[in-house]
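Student: I'd like to ask some things about the structure below.
The values are calculated or read from the model by the stated rules, or taken from the named source; none is laboratory data. These figures come from a predicted structure and were not determined experimentally. Counting neighbours? That spans all protein chains shown, and the Cβs are built from the backbone with ideal geometry, glycine included. Note: areas computed on protein heavy atoms with side chains; ligands, DNA, RNA excluded. Shrake-Rupley method; radii C 1.70, N 1.55, O 1.52, S 1.80 Å.
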Amino acid sequence: MTTTTAPAARFATARQVADAVLFEGYVLYPYRASAAKNRLRWQFGVLVPPAWGPAHDEHSLQQTELLMEPKGDATLAVELRFLHARRRTVEHARDDGTFAEVTELHLADRVLVPWDEGAEERVELLVPVAELAGEGVTLPFRLPAGEETEPVLDTEGRVVGRLLRRTEEAEGVVRLRATELDGAYRVFRLTAVVENTSPWRPADRDADRDAALPRSLVSAHLMLGLSAGSFLSLTDPPEWARGAVADCVNLRTWPVLAGEGGRADVVLSSPIILEDHPAIAPESAGAMYDATEIDEILALRTAALTDQEKREARGTDARAAAVIDLADSMPPEVLERLHGAVRALREITGPDGPPEFREPPGTPTGLPDEDAVFRPDTPWWDPARADTADPARDRITIGGASVGVGSRVLLRPGLRRTDAQDLFLQGSTALVEAVLHDVDGGVHLAVTVEGDPGADIRREQGRFLYFQPDEVTPLEDV
C-alpha cells in the first residue's frame, strides 16, 4: 500500500462537483452568522464521534459499495475529503495590551463575529487492487488539536483585536476491501468504509451538536479512481450485472460515475444523491454554497443587501466575503448568462434530436416575433372596445379559419417556449373549450385532448391545457 497523492489529473473534472458537495450549505444567503439558517449548519455527510452519535440519531460511519472491472495490475486511487470544524472567537485589544473576548468587533468594511470555520482535509492512498482481497487494507488517520491567533488591524495598521481559532482532535479510519464475484466476467465488489473513531466522550450526557462538530468529519465523501479498468454504474448497470448491483449496500452515501463523460474510471461517492457524470453549470460564475438554489436569484438578492448586511457577511467568513464581492462585481453579461438556460431542450430540438421534435430549417431560436402571436387592435379590457371578452363565444382567425369553442385543432407546441408535458402532445388533436384574452393583449386557447378519458372531469372542473394561436393548426370549423 502506498500513501502517496493520487494522480491529480484523474480527479480533476470530478473535483469540481466534489467541491460543491464539500461546501454545500457551508454558509447560506444572506451569508451572515446571525441568520437563523446559518445557526444549524452542516447537514450532509457528518460523521460524529461514536460515543455521541447514537443518543442523537447521528452516525459515525458511511459505507460505499459498488462493482468494478479492473484490468491487469490496476491500482485504486482513493481520496477521502471532509471539513474539520475549527471554532473561531473574536477578541478586542485593551489599552494594557491584553485581549478580551467579545461578540462583535466592528471594522470599516466588516463586522467580525464568532463562527465555526471549515478547514478542508484530505486522506489519500494508492493501493494495488490485488492487495484489497481478503481483509483488505485499513488506513487510520488523526487530526491533532491546535490553536492559532490572527491579529486584526484597522485601516491605519493598528492592532484592534485578534481572532483565536481552536481545533479539536479528530480521528478516523478508511477500510477498503474487494471481493471477486462468480461469473463470466472479472468483476469485483468494492467496499469502502469511512468511520469516525474519535475516543472523545462528552462530559455532559446532554451535550449538544456544537460540542460534537469540532470532532466530526463534516461533508465526508470519497473519490475513487482506477488506473486501468472501469466501474459499473449503480443507476444504469448492464443487464448481466443488475442482480449484483442490487446486492450492493450503500450507507449514507451514493456512488456515481464522475469525471469526463463517456469514461467510467472515476467515481464520486457523495452524501448527496447525484446522477452519473454530474457537472457544474457552465453559467455559474462562482461558488455560492447553495447548489439547491438558482445562481441568478442568489446573485440578485445578494447584490441587494444593505451595506450593513454586507459588512456583517464579510465579517462572518472569508468565503461569505467572496460571495458578496462576486455579486457586487458581476458584469451584466455574466448575470444575463445565468438567465433561462435550458440545455435539455437543445438535445431534443437540435439537428441531432428525434425527427418528430426537430425544428424545421429557419425556425427562429429566440422568442416569437410580434406578428407570430395574435394581438387584437384594442385590448379586451379597454373601455373603447365595442364588446367585452366572452370565452364561450369569442372566435379568432388562424390560417384563414375561424376558431372558437368546439373547433378541432392539431397541437404543435412551440418547442422553445413550452414545458416538457406539452412536448408529448406534439401532433395530437384537441377540442377548443374557450378563447381567453390576457391583460397584455395575448390570446390563449383552452383545449382538451381528444381521446383523453379524463376530459369530462377536466371540463367539469375547468382544468384545461393552454396553447397560443401559433401553436395549433385548425382542422375544421364546427
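Student: Suppose each label sits 7 Å from its Cα in the direction of the beta carbon; what would the V334-T149 distance come out to in nanometres?
Tutor: Each label point lies 7 Å from its Cα, and together they span 3.8 nm.
Student: Which one of S198, V127, P144 has its Cα pushed farthest toward the positive end of the charge dipole of the range 106-245, where Lys and Arg give +1 and Asp and Glu give -1 at the Cβ?
Tutor: V127
Student: Take every Cα-Cα pair in the range 147-228 and report what % of them are more than 18 Å apart. Could the numbers behind the result be given before it?
Tutor: Details: 2242 of 3321 pairs.
Taking all Cα-Cα pairs of the range 147-228, the fraction more than 18 Å apart is 68 percent.
Student: So, one more: On each of the three principal axes of the Cα atoms of the range 106-174, give max minus min coordinate, whole Å, ordered largest first.
Tutor: 63, 19, 17 Å, listed from the longest principal axis down.
Student: Tell me the per residue accessible area of the range 1-140 using a 1.4 Å probe; a whole number in Å² is fine.
Tutor: 44
Student: Can you pull the percent of the range 150-294's accessible area that's carbon plus sulfur, 1.4 Å probe, other chains left in place?
Tutor: Working: 3350 of 7060 Å².
Here it works out to 47 percent.
Student: With N denoting the number of residues in the range 5-54, provide Rg(C-alpha) divided by 2.2 N^0.38 Å, to two decimal places.
Tutor: On the way: Rg = 15.2 Å, N = 50, 2.2 N^0.38 = 9.7 Å.
Against the compact-globule rule of thumb, the ratio is 1.56.
Student: Any idea what Rg and Dmax come out to for the range 178-290 if you just take the C-alpha atoms, in Å?
Tutor: Computed over the Cα atoms of the range 178-290, radius of gyration and Dmax are 18.2, 56 Å.
Student: Determine Rg/Rh for the range 23-160; Rg is computed over alpha-carbon atoms and Rh is the Kirkwood hydrodynamic estimate from the same atoms. Can you show the working numbers first?
Tutor: Values: Rg = 21.7 Å, Rh = 19.5 Å.
Radius of gyration relative to Kirkwood radius: 1.11.
Student: Could you work out how far apart the two model spin labels at T306 and T179 are, taking each label as a point 7 Å from the Cα in the direction of the beta carbon, and quote it in nm?
Tutor: 6.2
Student: Grab the eigenvalues of the alpha-carbon gyration tensor for the range 278-326, scale each by 5, take roots, and send me the semi-axes largest first in whole angstrom. Can you show the working numbers first?
Tutor: Values: eigenvalues 88, 27, 13 Å².
Over the Cα atoms of the range 278-326, the semi-axes work out to 21, 12, 8 Å.
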